[in-house]
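Single-structure report; data block below.
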Amino acid sequence: MTDQKDEAKRRETAALWYTELQDPDVSPDTWDAFLDWEKDPGNAEAYHEIESTIGIIDRTGLNNPETKTPGRDRKPAFLGLAAAAAAIIIIGAAALTLQTSKPEPAPLTYATAIGEQETVTLEDGSILTLNTNTTLSVSYSKAERRIHLTEGEALFEVEHSDRPFLVEAGGTITRALGTAFNVRADQDAISVTLIQGSVRVSASRTDDSEGKAGAMPAKTLQEGIVLKPGDRLDVRQGADPFLSTIDPALAGKWREGLLRFDNVTLAEAIVEMNRYSTIKLVIDDETLAAERISGTFPAGKQAEFAESLKLYLPVDVVNLADAFLITTRKE
C-alpha cells in the first residue's frame with residue numbers, strides 16, 4: 001500500500017511540474033529545481049507518463065478546447081488537465097483511451113542540397129531556416145511539436161504555445177516553448193546555440209539514440225542542461241558536454257550567406273567553407289593548415305576565399321578541375 005501511495009504522490013508532483021513548465025517565461029531557477037527533482041529515475045518516469053497521457057487526452061477529445069479560458073486562468077486549466085492525466089494513470093484508463101485515439105499525421109520532411117537554404121513557416125507560425133545540406137522532419141500533434149534533425153543545421157524561431165517544441169538531433173533533445181535557437185548535427189558532434197529565450201538540452205530517450213553523435217554520458221542523462229542567450233553547447237559521443245559563450249547575433253549569421261571566423265585554424269575554416277560548395281578547398285601542408293585566420297567570408301564562394309588567403313598568408317592557389325589546391329608559396 002505504501003508503494004502505491006508513493007507512486008500516486010510522484011504523479012501528483014509530476015502533474016504540478018508539468019503545469020509550471022508550460023509557462024513560456026519559465027525561469028532558469030524553476031528549470032534547475034525541476035532538473036534536481038527529475039534526477040530520481042522514478043520521478044523522471046512519472047513525468048514522462050504525465051506527458052504521454054496528456055497527449056492521449058488531447059487526441060481523444062477529453063480535453064475540450066471550448067472550455068479553456070485564456071489569460072490568467074491558463075495555469076489552473078493546465079493543472080486540471082495534468083491532474084486528470086495523473087488520475088487516468090492511477091486507475092488504468094489510459095489503455096482504454098488508446099483504443100479511440102486518432103492516428104497522428106505523417107511527418108513532413110524538408111531537405112536542402114549543398115549550398116542551398118530554405119525557410120519554412122509551420123502551422124503554428126514557428127519558422128525553420130535550413131542551412132546547407134540539411135534534412136529534417138516535422139511531426140505536430142496536440143501534445144507536442146517535434147522536429148527530427150537528421151543532418152545539417154537549422155535555426156528555429158519558435159512561437160509561444162502550450163505544446164512543447166522538441167528538436168531531436170543525434171543523441172540529444174532540445175526542449176523549448178517560445179524562443180530562438182540554432183542546432184547543428186555533424187557526424188561526430190551536436191551543437192546547440194541559444195539566441196533568445198530558454199531551452200533545455202538533455203539526452204534523447206529514443207531506443208536508437210545510443211551510439212549516435214551527441215550521445216550524452218550517463219551522468220547527464222537525467223539532469224539535462226539549461227541554456228541562456230549566448231550559450232553554445234557542444235556534445236560529442238562519450239565526452240562531457242562543453243559549454244561556451246558567443247555573441248547571439250552571430251549564431252544565425254549563415255542565413256545572410258556569410259561565414260565569420262575568429263582566430264580559427266585554416267583547416268577549420270576550410271572544413272566550414274566546404275560545407276557550402278561541391279567545389280572543394282584542399283591543403284597539402286600540415287603547417288599551413290595550422291595557420292590561424294579571422295574574417296568574414298561569403299559562403300560558397302570558394303575562388304574568392306582562396307584568393308583572399310593571399311592577403312593573409314604566403315600561399316599560392318592551384319585551380320584544379322573540381323577543387324582549389326592551397327599550397328605554401330615557393331620563394
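A few comments on the model shown:
- Any strands (runs of 3 or more DSSP E) falling wholly within segment 129-211 and containing at least 3 residues that are in contact with a Phe, Trp or Tyr (Cβ under 9 Å, 6 or more places away or on another chain) and within 15 Å of residue 107 (Cβ to Cβ): 135-140, 145-157
- Failed criterion for residue 321 (all others in (1) over 31 Å from the mean Cα position of the chain (by Cα); (2) farther than 15 Å from residue 258 by Cα; (3) not in a loop (DSSP other than H, G, I, E, B) hold): (3)
- Applying the set (1) part of a strand (DSSP E or B); (2) modelled with pLDDT of 95 or more to residue 226 leaves exactly one unmet item: (2).
- Cβ pairs under 6 Å, 6+ apart, first in segment 309-324 and on the phi < 0 side of the Ramachandran plot and in the same structural domain as residue 266 (by TED's automatic domain parsing), second part of a helix (DSSP H, G or I) and not basic (Lys, Arg): 315/309; 317/306; 324/302; 324/306
Listed here are the residues, each with its yes/no results for (1) without any contact (Cβ under 8 Å) to a residue 12 or more places away in the chain; (2) under 22 Å from residue 180 (Cβ atoms).
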{"residue": "231", "(1), (2)": "no, yes"}
{"residue": "236", "(1), (2)": "no, no"}
{"residue": "252", "(1), (2)": "no, yes"}
{"residue": "256", "(1), (2)": "yes, yes"}
{"residue": "278", "(1), (2)": "no, no"}
{"residue": "281", "(1), (2)": "no, no"}
{"residue": "284", "(1), (2)": "no, no"}
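- Test: residue 233 is surrounded by 17 or more Cβ atoms within 10 Å (Cβ to Cβ) and either assigned by TED's automatic domain parsing to the domain that holds residue 27 or under 19 Å from residue 200 (Cα atoms) (or both): yes
- Candidate set from segment 243-257 (those that are part of a helix (DSSP H, G or I) and of a type outside the set (Asp, Glu)); member that is surrounded by the most Cβ atoms within 10 Å (Cβ to Cβ): 254
- When residues in segment 22-32 are screened for being crowded, with 18+ Cβ neighbours inside 10 Å and assigned to a helix (DSSP H, G or I), 1 of them pass.
- When 268, 307 are screened for being surrounded by fewer than 17 Cβ atoms within 10 Å (Cβ to Cβ) and within 26 Å of the chain's Cα centre (by Cα), only 268 passes.
- Exactly one residue among 150, 193 is closer than 25 Å to residue 27 by Cβ, modelled with pLDDT of 95 or more and under 13 Å from the mean Cα position of the chain (by Cα), and that residue is 193.
- Residue match in segment 280-291 (condition: of a type in the set (Ser, Thr, Tyr) and either surrounded by 13 or more Cβ atoms within 10 Å (Cβ to Cβ) or assigned to a strand (DSSP E or B) (or both)): no
- The single residue among 79, 98, 35 that is modelled with pLDDT under 80 and either under 30 Å from residue 185 (Cβ atoms) or surrounded by 15 or more Cβ atoms within 10 Å (Cβ to Cβ) (or both) turns out to be 79.
The values are calculated or read from the model by the stated rules, or taken from the named source; none is laboratory data. Remember, it's a predicted structure, so these values are computed and weren't measured experimentally. Neighbour counts are summed over all protein chains in view; Cβ atoms, including those assigned to glycine, are modelled from backbone coordinates with ideal geometry.
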